[in-house]
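Below is one structure; the comments refer to it alone.
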Amino acid sequence: MNTRSHFKRQCLPLLLAMGGFPLAHAQGNDLDDSWRFQATPYVWMSGMEGQVRPFRAAPMVDVDKSFSELMDSLDAAAFITGTARRGDFVLQADVTHASTSDSTPLPMGLAASVKVRQTSVTATAGYAWMATERTGVDLLAGVRYWDIRAALDVPGLVSARSDSSFVDPIAAVRWRQALTPQWTSIVYVDAGGFGVGSDATWQLLALANYRATDKLFVSMGYRHQSLDYRDNGKRLDVSLSGPMLGVTYQFGATR
């Protein structure tokens, strides 16, 4: 069985779903006591590079995959983020889920099947600092929960399973700048882990947001994220980078 090449193809393509952040806040921060909300489904067309050992007995695997290669074994994926604001107070939540499956032929008519599922839930709260109609800085802190499960099965020979669940504390800063009446930009950075869940995790995001209607916005940009997680022989030391696309719907009270 070519374990190394099989893990390269399958074990963690759905890490492209990792992470959570407020994708867009495309209009000014209204400084009043009314709640404003937004919801953003999005996709992240990420490639991956790094090192992976999903099982203690598995070899360390060097991974260098493009987005199209990662998509080959993807079964399902869903990504959505939401934000709520009241005055200077900010709440944010993000949920991602992806699952993959694959089967590789082996000698003697056997086949190895691999299934991987990843879910992350992020929740942060913070303060809109120096907010105006044209610019604003959000200071955020919270947690990110990870659940990553992998299963390998060769009927009659071997069956192995790896479940990893952990929580990372995170701190984040987001800068919004209005460019024109129709366009705004977002720069977002977060860092976390600190040895509590993972050893370290961080991400950087740059977005341009186009105002299509009063309540509908299109976001496009680029995102990089890194994760270094080690536990009982398992290791995920990966970086993901690629373009993003999302659609934001805003609702609730406005000025």
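The values are calculated or read from the model by the stated rules, or taken from the named source; none is laboratory data. Worth saying up front: this structure is predicted, and the values here are computed from it rather than measured. Neighbour counts are summed over all protein chains in view; Cβ atoms, including those assigned to glycine, are modelled from backbone coordinates with ideal geometry. Note: areas computed on protein heavy atoms with side chains; ligands, DNA, RNA excluded. Shrake-Rupley method; radii C 1.70, N 1.55, O 1.52, S 1.80 Å.
Take 162-171, 77-86 and order them by the average number of nearby Cβ atoms within 10 Å per residue, most first; the result is 77-86, 162-171. Estimated at 0.36 nm per residue, the fully extended path between Leu110 and Val189 surpasses their Cα-Cα distance by 23.8 nm. Neighbours of Ala178, meaning other residues whose beta-carbon lies under 9 angstrom from its beta-carbon, give a summed charge of +1 when Lys and Arg score +1 and Asp and Glu score -1.
FRET efficiency for Leu216 and Thr132, Cβ-Cβ distance as r, R0 = 30 Å, nearest 0.05? Let's see the in-between values first.
Values: r = 23 Å, r/R0 = 0.77.
So the FRET efficiency works out to roughly 0.85.
Going 7 Å from the Cα of Tyr145 along its beta-carbon direction, which residues of the range 157-191 have the amide nitrogen within less than 16 Å of the resulting point? Inside the label zone: 164-170.
Leaving out ligands, DNA and RNA, what percent of the accessible area of the range 137-208 is carbon and sulfur, probe 1.4 Å? Result for the range 137-208: 69 percent of the exposed heavy-atom area is carbon or sulfur.
Give me the net charge of Gln118's neighbourhood, meaning all other residues with Cβ under 10 Å from the Cβ of Gln118; Lys, Arg count +1, Asp, Glu -1.
Details: positive: Arg117, Arg149; negative: Asp147.
Local net charge: +1.
Per residue, the range 123-255 exposes an accessible area of 47 Å² to a 1.4 Å probe, with every protein chain left in place.
Counting pairs of alpha carbon atoms under 8 Å apart in space and at least six apart in sequence, what relative contact order in percent does the range 204-244 give? Walk me through the intermediate numbers first.
Numbers: 63 pairs, mean separation 14.1, N = 41.
Over the range 204-244, the number comes to 34 percent.
Between Ala78 and Val167, the distance separating the two model label sites (each 7 Å from Cα on the Cα→Cβ line) works out to 2.4 nm. With a cut-off of 14 Å between beta carbons, the residues surrounding Gln225 carry a summed charge of -4, where Lys and Arg count +1 and Asp and Glu -1.
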